[in-house]
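First comes the structure, then the notes that go with it.
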Amino acid sequence: MDSQDKNDLPSKNRKYRDSFRYALKGVKTAFQEERNMRTHVLAGLFIFILSLFLNLTRDEWLWLILVSYLVFVMELINTVIENLVDLVTDRYHPIAEKVKDMAAAVVLVTAGLAALTGVIILLPKILKILM
Ligand SMILES: Nc1ncnc2c1ncn2[C@@H]1O[C@H](COP(=O)(O)OP(=O)(O)OP(=O)(O)O)[C@@H](O)[C@H]1O
């Protein structure tokens, strides 16, 4: 594990702009390192583009945006937990296994909610166009 002297870390009294930059760096790292993150963002973009042609109401848009954002946030949290576990141990440990499996479950149940919401909102509209 690479480490750094605490004195080399950025000062706590940094500017808001720097805090924003670090947060964006976090999103970029998660996106680069997590294949599932890229898959979920691509799926969200696909649903967004599809929805542009389906004449959604404002409430329907809000639901889709909310559940898509939730999946994104949970994927970020999952990535944080995975990295923390890897920081704590690089050996097999049953608790590390449980923690990682449960962190993955958080994403899975949220993605399930997003899929259900998508089906409830989009499927009737798609079927109407096809029939
Ligand atoms: N240190 C460990 N000790 C025990 N089991 C582990 C450990 N690290 C990973 N695992 C097991 O391997 C699985 C996959 O872990 P990994 O770190 O590869 O996540 P991942 O598959 O990359 O997750 P994601 O697909 O969300 O990125 C975990 O869910 C867990 O069951």
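The table below gives the values:
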{"read-out": "Accessible area, probe 1.4 Å, largest first, for residues R35, R21", "value": "R35, R21"}
{"read-out": "Computed [θ] at 222 nm, deg cm²/dmol, the chain (DSSP H ≥ 4; -39,500 (n - 2.57); rounded to nearest 500)", "value": "-28500 deg cm²/dmol"}
{"read-out": "Dipole of the chain, positive end: most advanced residue of F46, V73, A105 [Cβ charges, Cα centre]", "value": "F46"}
{"read-out": "Percent carbon-and-sulfur accessible area, the chain, ignoring ligands, DNA and RNA, probe 1.4 Å", "value": "66 percent"}
{"read-out": "Simple Cβ-charge dipole of the stretch 90-131, Lys/Arg +1 and Asp/Glu -1, about Cα centre, in debye nearest 20", "value": "220 debye"}
{"read-out": "The chain, accessible area per residue, ligands and nucleic acids excluded (1.4 Å, Å²)", "value": "80 Å²"}
{"read-out": "Choice from G118, G26, G44 with maximal GNM fluctuation in the chain (Cα, 10 Å cutoff)", "value": "G26"}
{"read-out": "Förster radius 41 Å - calculated FRET efficiency between I129 and R14 (Cβ-Cβ, nearest 0.05)", "value": "0.20"}
{"read-out": "Length gained when the stretch V80-I95 is fully extended (0.36 nm per residue, less Cα-Cα span)", "value": "3.8 nm"}
{"read-out": "Value of relative contact order over the chain, rounded to a whole percent, pairs C-alpha under 8 Å and six or more apart", "value": "28 percent"}
{"read-out": "Using alpha-carbon coordinates, inclination of helix 35-52 to the longest axis of the chain, degrees", "value": "30 degrees"}
{"read-out": "Cα gyration tensor, the stretch 15-90 - rounded (a/c under 1.5), prolate or oblate", "value": "prolate"}
{"read-out": "Cα gyration tensor shape of the stretch 36-131, rounded if a/c is under 1.5, else prolate or oblate by comparing a/b with b/c", "value": "prolate"}
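The values are calculated or read from the model by the stated rules, or taken from the named source; none is laboratory data. Since this is a predicted model, take the numbers as computed values, not measurements. Methodologically, a virtual Cβ is constructed for each residue, glycine included, from the backbone with ideal geometry; neighbour enumeration extends over all protein chains shown. Heads up: the accessible areas ignore ligands, DNA and RNA and are worked out on the full protein's heavy atoms, side chains in. Shrake-Rupley method; radii C 1.70, N 1.55, O 1.52, S 1.80 Å.
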